[in-house]
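Okay, so here's the structure we're looking at.
The values are calculated or read from the model by the stated rules, or taken from the named source; none is laboratory data. Remember, it's a predicted structure, so these values are computed and weren't measured experimentally. Cβ placement follows ideal geometry from the backbone for every residue including glycine, while neighbour counts extend to all protein chains displayed.
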Amino acid sequence: MKSEPDAFGLEDLKSRPKQTEPWDGVRNYQARNFMRDRMKVGDQVFFYHSNCKVPGIVGIAKVASKPYPDPTQFDPDSKYYDPKSDPDEPRWTLIDVKFVRDLKRTLSLAEIKDHADALGDFALVRKGNRLSIMPVSESQWDYLLGLENQ
DNA sequence: GCCAACGTTGGC
DNA sequence: GCCAACGTTGGC
C-alpha cells in the first residue's frame, strides 16, 4: 500500500492510538477492489512511501478490519467527498490498517527495480503503474523480505 | 460508444 | 518543476 509520507507515513501509523488507521480516500476502482475482494483480516501488507526523497518499502502493516464503507465519501467537507455515491449502496470501501514493524532498512524503488527479473510480474515495477494498492504474491513477499537483511 | 480534454500520480 | 502514463469526464 502506497502512502505519501508528507501526508500520512509509517511514523504516523505507528503513533496512532492502537496504531491503526482507516485507509480512506482511495478513489480508484482497481485499488478499491483489492481492499474489498482480496484483503483478509490478518493479511500482511508492505507499507510503501511514494512521492518522497527515497520512494520505497519502509515497513509492514496488516489488515485490521473487514471492508466497510469509507465515511469520507459522504462528508461534504472532505476532499474525498463523492456526491455520486449512494448511501444505500456505497461506492467506496476501505479496510483498517495496523502497524506491525519498521523494516530494518528501506527497500528503495531503485533497488526493487534491480530485482525486477526475480520478482516476475510485479505491479510496482510495471511501467507507468500508479495503483496505490497492489497485490504481492507469497514468493514476491518472501523475496522482498529477504532483501531486508542484505 | 468514441475520443479529446483534462486532472492526477509519482518518479526523476 | 517537469512530464509520461494513466483514469475520468463529457460532448457529440
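Within the stretch A:113-137, count every residue that is surrounded by fewer than 15 Cβ atoms within 10 Å (Cβ to Cβ), more than 11 Å from DNA strand C (Cβ to nearest atom), without any contact (Cβ under 8 Å) to a residue 40 or more places away in the chain and closer than 18 Å to A:Phe47 by Cβ.
Looking only at that region, the number is 1.
Of all residues in the stretch A:46-88, count the ones that are touching a Pro at 6+ places or on another chain (Cβ under 7 Å) and not in a loop (DSSP other than H, G, I, E, B).
Number satisfying all stated conditions: 4.
Here is a list: A:Lys18, A:Lys66, A:Lys104, A:Lys79. Which entry is within 16 Å of DNA strand C (Cβ to nearest atom) and not hydrophobic (A, V, I, L, M, F, W, C)?
On the way: A:Lys18 fails: within 16 Å of DNA strand C (Cβ to nearest atom); A:Lys66 fails: within 16 Å of DNA strand C (Cβ to nearest atom); A:Lys104 fails: within 16 Å of DNA strand C (Cβ to nearest atom).
Being within 16 Å of DNA strand C (Cβ to nearest atom) and not hydrophobic (A, V, I, L, M, F, W, C) holds for just one of A:Lys18, A:Lys66, A:Lys104, A:Lys79, which is A:Lys79.
Being out of contact with any Pro (no Cβ under 7 Å at 6 or more places or on another chain), away from DNA strand B (no atom under 13 Å from the Cβ) and not in a loop (DSSP other than H, G, I, E, B) is the filter here; which residues of the stretch A:96-133 pass it?
A:Val97, A:Lys98, A:Phe99, A:Val100, A:Arg101, A:Asp102, A:Leu103, A:Lys104, A:Arg105, A:Asp117, A:Ala118, A:Leu119
Modelled with pLDDT of 95 or more, surrounded by 15 or more Cβ atoms within 10 Å (Cβ to Cβ) and over 30 Å from A:Ser139 (Cβ atoms), is that true of A:Pro69? Full working, then the answer.
Values: modelled with pLDDT of 95 or more: yes; surrounded by 15 or more Cβ atoms within 10 Å (Cβ to Cβ): yes; over 30 Å from A:Ser139 (Cβ atoms): yes.
So A:Pro69 fits the description; yes.
Among what's in the stretch A:11-36 and is within 16 Å of DNA strand B (Cβ to nearest atom) and not in a helix (DSSP H, G or I), pick the residue that is nearest to the chain's Cα centre (by Cα).
So the residue we want is A:Trp23.
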